[in-house]
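Working notes for the structure below.
We did not get these values from a lab; they are worked out from the coordinates using the rules stated. From a predicted model like this one, the values you see are computed outputs, not experimental measurements. A quick note on method: Cβ atoms are made from the backbone with ideal geometry, for glycine too, and the neighbour counts reach across all protein chains shown.
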Amino acid sequence: MKCKLTPLAFTILMMLTALSFSKVAIVEAANSCRQFIPEPPSITLSGVCSFDVTIDFLVNQEYSILVNCSGTPTAILTTGELKVSLTNDQNGKSIDLNISGPGRMVTDADGSSTLTTYGPWLIFFPQGVLPNFSPRLFSISGQTSTTFDSSGTATAFQIKGGTLVDMCAALQ
């Protein structure tokens, strides 16, 4: 199954990303719970590169720990392994990546949230989401911070260190 991503779908996927593309060890609080976050078989990104890119999930052995299970989670931490394959749908070139994280999503009282990533991640911004940021699809091994407003829309993105690889250029 493949799906095309609109800016709204991107926002939803970024929230899922917070659940599944990271791993952080924590001491579980009394009001926390652990759950498996399944990934779709594949996702097609349109409007991120000059060609469509299909993401196939090769390995997903990640579990999320939600802090404050009885209400709105105040933090989401994930542990496990996640590997994907990116394919240029025009020329068939593919690249496999380990994007296991770690990372953490923290929700503020006003409903806004911040996703902080560490280690290997895959990040993408379709048209209409942070329009002045380039590249639109990249892997990074380092620290980033993405801020979301209370509706889940990405409002800011910052790279705080690490190595960035433009995956659109790598897939050409």
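Around residue 59, what is the net charge, scoring Lys/Arg as +1 and Asp/Glu as -1 over all other residues with Cβ under 11 Å from its Cβ?
-4
Add +1 for every Lys or Arg and -1 for every Asp or Glu among the other residues with Cβ under 14 Å from the Cβ of residue 149, and state the total.
Neighbour charge sum, excluding residue 149 itself: -2.
Please order 39, 62, 81 by the number of other Cβ within 10 Å, starting at the fewest.
By the 10 Å Cβ count, ascending: 81, 39, 62.
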